[in-house]
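The structure under discussion appears below in the form of structure tokens.
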Amino acid sequence: MKACLLFVFLVSATLAEYTSYEGYTVYSVTPKSPKDSVILQEMYDTEKFDFWSKSKAVNHPVHIMVSSDLKETFVSTVEKYNMDYEILIEDVEKVNTAERERQARAPRVANGRIDFQQYHSYEAILEYVEQVCSDYPDIVTCETYGYSYEGRPLVLLRVNDGSTAGKPTIFIEGGIHAREWIAPAVVLYIIQQLVENPDNRALVENANWLLVTVTNPDGYEFSRTNTRMWRKTRSTGVICNGADANRNFDLEWGGPGTSTSECSDIFMGRYPFSEPETRALADVAIAEENIDLYLAIHSYGRWIIYPWGYTLEPPENVDELQEAGEAAAAAIYAVAGTEYVVGNSAALLYYAAGCSDDWFKGGANVSLSYTVELPGGGNQGFDLPADRIQPVVTETWPGIIAFYDYVINNSRR
């Protein structure tokens, strides 16, 4: 295990030229009618604009990054339909530069330790994972369940008291979309609370936890070093590299909300599970057989959404999904007043086929399957500035406990 975690990443991708977002602007557009939502959907479908957040809901702002050469087209479109809009970020590169400078100034954390004052490299995350496994062998086991396209180890933590028979299993992963840095931070905090906080021992004794900190480490590192808004994996393509790992799962693969263009941020991949990262994650779920709850941690938007992403037809247990989701949302709200909206992903956002939450429910038979979209950075960037990491991970933890409570109280085993 140690050899895997200290793997030296000799990856040519890290030598690629840095991508500047100078002149890119982020607009906040608020749909005032269903017609406005349709227009925004049509703009999204053109794949010319980078939708940082999505919503069909009236009066719910949508954040859209627009390159300098498309600003005139974008503004003329929203003004043509009299949609309310404002500039959220004038120049994205200035925000990204400030973010890099904050990261560079952050105090170095000792090897094998973690804090929530900065976003950590994948190497630092693996060092922490290795340390946790070494320090708490009675409740934590680590395994390399596969390797990324560029050869990085994909690591799973199992947290339990050694007795898993008859206990529910909770599977949580983050970082499937590279640029969503707050997602791995939340998973790290969950690990820390389960393993290092003795007050949470009952959670370890009563359930079997499976945790993946960064599902897409190649993309995550590329977004840290080269292209901040990178979303996909890093597999080599003919024209453009990478696939959207969250469109690559084998359930309604290639359906609505996906793209066949390699250069699209929602490129579905060459075939289902074409990406080693998605194939490996699915193999873990299949081998596990019985998983009661799956949580995919994403950002951003303050949503707790459940299947299906490819159709408006609700799952058979929609009432249960809504009830558990609302319990988690209420627990998060009780901390600092952060409001999450709970519901079906296709109804609240846009269609998106081949997603992990759909596959875990329909392909791995997980009764409770969700995507949790964390808060975003607003006018300070795509993700939260580093000084907002601690408040977000802290307020999210009660939501995880609420999900756990629901599973424990309603387990069918």
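The values are calculated or read from the model by the stated rules, or taken from the named source; none is laboratory data. Just so it is clear, the structure is predicted and the values come from calculations on it, not from any experiment. When we count neighbours, we look across all protein chains shown, and the Cβ atoms used for this are built from the backbone with ideal geometry, even at glycine. We work out accessible area using only protein heavy atoms, side chains counted, and drop any ligands, DNA or RNA first. Shrake-Rupley method; radii C 1.70, N 1.55, O 1.52, S 1.80 Å.
In region 148-208, with Lys and Arg counted as +1 and Asp and Glu as -1 at Cβ, which of these residues, Asn160, Phe171, Ser148, has the Cα nearest the positive end of the dipole, that is, farthest along it? Looking along the dipole axis, the top candidate is Ser148. Let me know the shape class of region 121-207, please: from the alpha-carbon gyration tensor, a ≥ b ≥ c as square roots of the eigenvalues, rounded when a/c is under 1.5, otherwise prolate if a/b is greater than b/c, or oblate. Note, shape of region 121-207 comes out prolate. Using the charge dipole of the chain (Lys, Arg: +1 at Cβ; Asp, Glu: -1 at Cβ; taken about the Cα centre), state which of Leu188, Thr338, Tyr18 has its Cα farthest towards the positive end. Value: Tyr18. Between the entries (i) 29.0, 106; (ii) 20.2, 63; (iii) 21.5, 62, the label attached to Rg and Dmax of the Cα atoms in Å calculated for this structure is (ii). When the chain is treated as a GNM with alpha-carbon contacts under 10 Å, the residue of Ser33, Ser259, Ser367 showing the greatest mean-square fluctuation is Ser33.
Computed over Cα pairs, the Kirkwood radius of region 184-243 leads via Stokes-Einstein (1.002 mPa s, 20 °C) to a diffusion coefficient of 155 µm² per second.
The solvent-accessible area of Ser235, taken with every protein chain present and a 1.4 Å probe, is close to 10 Å².
Using only Cα atoms, find the angle between the long axis of helix 276-288 and the longest principal axis of the chain, and express it within 0 to 90 degrees, rounded to the nearest 10. Between helix and principal axis, roughly 40 degrees.
Here the dipole of region 228-362 is about 820 debye; that uses its Cα centre as origin and unit charges on the Cβ of Lys and Arg (positive) and Asp and Glu (negative). Angle check, please: helix 318-336 long axis (alpha carbons) against the longest principal axis of the chain (alpha carbons), in degrees 0 to 90, nearest 10. The answer is roughly 90 degrees. Taking the centroid of alpha carbons for each part, region 202-238 and region 67-122 are 19 Å apart. So what's the gap between the Cα centers of region 304-354 and region 136-192, to the nearest angstrom? The two parts, judged by their Cα centres, are 23 Å apart.
Of Lys32/Lys71; Lys56/Lys361; Lys54/Lys167; Lys71/Lys94; Lys48/Lys361, which pairs sit farther than 26 Å apart, going by alpha carbon to alpha carbon? Pairs exceeding the cut-off: Lys54/Lys167; Lys48/Lys361. Based on C-alpha pairs under 8 angstrom that are at least 6 apart in sequence, the chain has a relative contact order of 17 percent. In degrees, nearest 10, range 0 to 90: what is the angle between the Cα axis of helix 182-196 and the longest Cα principal axis of the chain? The angle comes out at about 20 degrees.
About its Cα centre, the dipole of region 64-213 is roughly 200 debye, where the only charges are +1 on Lys and Arg Cβ and -1 on Asp and Glu Cβ. When you restrict to C-alpha pairs under 8 Å that are six or more residues apart and normalise by the size of region 192-285, the relative contact order lands at 19 percent. Annotation for region 104-134: trypsin sites (Lys or Arg not before Pro) lying in DSSP loop with at most 15 further Cβ atoms inside 10 Å of their Cβ are Arg108, Arg113. Only DSSP H runs of four or more residues enter the estimate; each adds -39500 (n - 2.57), and after division by the residues of the chain the mean residue ellipticity at 222 nm equals -11000 deg cm²/dmol.
To the nearest 10, the accessible area of Arg158 is 50 Å² with a 1.4 Å probe. For region 313-413, which GluC sites (Glu not before Pro) pass both filters: DSSP loop (anything but H, G, I, E, B) and at most 16 other C-beta atoms within 10 Å? Passing sites in region 313-413 are Glu316, Glu339. When Lys32, Lys80 are compared by accessible area of protein heavy atoms, the largest-first order is Lys80, Lys32, using a 1.4 Å probe. Using heavy atoms of the protein chains and a probe of 1.4 Å, the accessible area assigned to Tyr149 is about 110 Å².
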